[in-house]
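Trainee: I'd like to ask some things about the structure below.
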Amino acid sequence: MTRHFLSLLDLSSDELLALIRRATELKRMQHRSDIHTPLKGKNLGMIFEKSSTRTRVSFEVGMSQLGGHALFLSPRDTQLGRGEPIEDSARVLSRMLDIIMIRTYDHTALELFAAHSRVPVINALTDLLHPCQLLADMQTYFEHRGDIRGKRVAWIGDGNNMCHSYINAARRFGFHLNIACPEGYDPDKAILETAEEQAVIVRDPLQAAENVDLVVTDVWASMGQEEEQKQREKAFARYQVNDALMAGAADDALFFHCLPAHRGEEVSASVIDGENSVVWDEAENRLHSQKALLEFLLLGR
Ligand code: CP
Ligand code: NVA
């Protein structure tokens with residue numbers, strides 16, 4: 001059976017933990033300049049319907065480091081953008097490629113593609129989920145602080161794709177998640193309910209961050225919501241991660257942001273550029289954790 005990675009929940013807790021251990025091993029190997037090319041002759045197709053810096057570069061470089069090749073496919077210059085049915089595109093592409101990564105809007109379009117693909121499909125962000133980012137985030141937490149099981153995490157801001165993936169991560173990795181979002185910007189109810197008491201909404205951002213081990217935020221307006229920017233700036237004004245908020249968290253609390261960040265909006269410059277912030281390690285770990293994911297899906301280990 002072809003394994004896909006559309007959600008963190010597609011892997012068991014044990015598989016995710018092993019993947020993160022492997023990511024740290026691959027990082028060490030890369031920093032030593034070891035040559036490790038188990039994916040020689042393998043081709044990754046990368047379909048991007050939305051912009052990307054980190055995801056594109058980490059997948060493309062990761063594939064190259066593993067001895068394989070990556071192709072960038074944009075709907076603007078393929079038949080994907082001219083209405084060729086998703087099912088047909090999946091059938092054709094999966095007869096030529098060994099693995100496919102997709103960044104798109106509608107999560108159900110990604111699921112439809114995967115259902116008609118012979119090869120593994122990776123979710124590189126949809127409006128619903130961003131599971132690849134969570135691999136890097138969990139790797140970063142483990143590398144700085146050890147196991148996240150039993151720790152307390154605060155999500156501050158929009159109940160968006162990243163927030164949904166944090167809810168899934170709370171289930172798989174066993175941490176507690178406080179979600180501080182303004183009314184009207186809650187995460188998907190069905191996703192939240194699956195986590196039961198492991199993830200809860202705490203409206204007040206200061207209360208949500210009290211004594212937590214990790215504070216995480218993301219942009220107030222995600223890709224596709226640009227026209228809501230002004231309205232969201234008003235709604236989220238009290239939800240900035242700044243020194244006052246970090247002061248209530250544990251002394252050694254880490255700060256994460258998937259990036260790109262907007263200093264002065266969701267996070268103050270003092271926090272993102274301060275000593276609790278590990279956002280550059282987090283960004284680098286996109287490379288190592290996705291190499292571990294590519295090995296897992298293509299080699300079964
Ligand atoms: N964090 C993240 O996915 O970044 P990009 O949009 O640059 O890929
Ligand atoms: N929530 C953001 C994440 C960007 C990596 C977005 O979807 O635009």
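Trainee: Looking at the range 181-199 only, could you name the residues that are surrounded by 12 or more Cβ atoms within 10 Å (Cβ to Cβ), under 20 Å from the mean Cα position of the chain (by Cα) and not polar (S, T, N, Q)?
Mentor: Once the filter is applied, which keeps residues that are surrounded by 12 or more Cβ atoms within 10 Å (Cβ to Cβ), under 20 Å from the mean Cα position of the chain (by Cα) and not polar (S, T, N, Q), the range 181-199 yields Cys181, Tyr185, Asp186, Pro187, Asp188, Ile191, Leu192, Ala195, Ala199.
Trainee: Among the helices (runs of 4 or more DSSP H) lying completely within the range 24-140, list those that include at least 3 residues that are closer than 26 Å to Ser13 by Cβ and within 16 Å of ligand 2 (Cβ to nearest atom).
Mentor: 54-65
Trainee: Of the residues Glu183, Glu193, Glu227, only one is free of Cβ contacts under 8 Å to residues at least 24 places away in the same chain and part of a loop (DSSP other than H, G, I, E, B); which?
Mentor: Of Glu183, Glu193, Glu227, the one residue that is free of Cβ contacts under 8 Å to residues at least 24 places away in the same chain and part of a loop (DSSP other than H, G, I, E, B) is Glu183.
Trainee: Checking Val219 against (1) buried (at least 20 other Cβ atoms within 10 Å of the Cβ); (2) more than 16 Å from ligand 2 (Cβ to nearest atom); (3) among the β-branched types (Val, Ile, Thr); (4) not in a helix (DSSP H, G or I): exactly one of these is not met. Which one?
Mentor: (2)
Trainee: Still on this structure, please answer the following. Of all residues in the range 1-22, which are within 15 Å of the chain's Cα centre (by Cα) and more than 22 Å from Ile86 (Cα to Cα)?
Mentor: Answer for the range 1-22, where residues must be within 15 Å of the chain's Cα centre (by Cα) and more than 22 Å from Ile86 (Cα to Cα): Leu8, Leu9, Leu11, Leu16, Leu19, Ile20.
Trainee: Still on this structure, I have one more. With the requirement that a residue be away from ligand 1 (no atom under 15 Å from the Cβ), touching a residue at least 12 places away in the same chain (Cβ under 8 Å) and either farther than 27 Å from Leu11 by Cβ or in a loop (DSSP other than H, G, I, E, B) (or both), what does the range 251-263 give you?
Mentor: Answer for the range 251-263, where residues must be away from ligand 1 (no atom under 15 Å from the Cβ), touching a residue at least 12 places away in the same chain (Cβ under 8 Å) and either farther than 27 Å from Leu11 by Cβ or in a loop (DSSP other than H, G, I, E, B) (or both): Asp252, Ala253.
Trainee: Please count how many residues of the range 120-140 are open to solvent by less than 10 Å² (accessible area, probe 1.4 Å) and more than 16 Å from ligand 1 (Cβ to nearest atom).
Mentor: Here the count works out to 1.
Trainee: Residues in the range 251-276 that are open to solvent by 20 Å² or more (accessible area, probe 1.4 Å) and within 16 Å of Ala208 (Cα to Cα): how many?
Mentor: Selection size over the range 251-276: 1.
Trainee: If I filter the range 222-250 down to residues being under 14 Å from Ser277 (Cβ atoms) and open to solvent by 20 Å² or more (accessible area, probe 1.4 Å), which single residue comes out as farthest from ligand 1 (Cβ to nearest atom)?
Mentor: If we take residues in the range 222-250 being under 14 Å from Ser277 (Cβ atoms) and open to solvent by 20 Å² or more (accessible area, probe 1.4 Å), then Asp243 is farthest from ligand 1 (Cβ to nearest atom).
Trainee: Going through Gly184, Gly157, Gly174 one at a time, which residue ends up being modelled with pLDDT of 95 or more, among the small types (Gly, Ala, Ser) and within 19 Å of Ala249 (Cα to Cα)?
Mentor: Of Gly184, Gly157, Gly174, the one residue that is modelled with pLDDT of 95 or more, among the small types (Gly, Ala, Ser) and within 19 Å of Ala249 (Cα to Cα) is Gly157.
Trainee: Just one of the numbered conditions (1) in contact (Cβ under 8 Å) with a residue 24 or more places away in the chain; (2) open to solvent by 60 Å² or more (accessible area, probe 1.4 Å) is not true of Ser94; which one?
Mentor: Unmet condition: (2).
Trainee: Could you check, for the range 118-129, whether at least one of its residues is touching a Ser or Thr at 6+ places or on another chain (Cβ under 9 Å), closer than 25 Å to Gly159 by Cα and of a type in the set (Ser, Thr, Tyr)?
Mentor: Scanning the range 118-129, I find at least one residue that is touching a Ser or Thr at 6+ places or on another chain (Cβ under 9 Å), closer than 25 Å to Gly159 by Cα and of a type in the set (Ser, Thr, Tyr), so the answer is yes.
Trainee: Taking the range 29-63, which residues are away from ligand 1 (no atom under 11 Å from the Cβ), among the charged types (D, E, K, R) and under 19 Å from the mean Cα position of the chain (by Cα)?
Mentor: Glu49, Glu60
The values are calculated or read from the model by the stated rules, or taken from the named source; none is laboratory data. Just so it is clear, the structure is predicted and the values come from calculations on it, not from any experiment. Positions of Cβ are generated from backbone atoms using ideal geometry, with glycine treated the same way; all protein chains shown enter the neighbour counts. Calculation scope for accessible area: heavy atoms of the full protein, side chains included, ligands and nucleic acids excluded. Shrake-Rupley method; radii C 1.70, N 1.55, O 1.52, S 1.80 Å.
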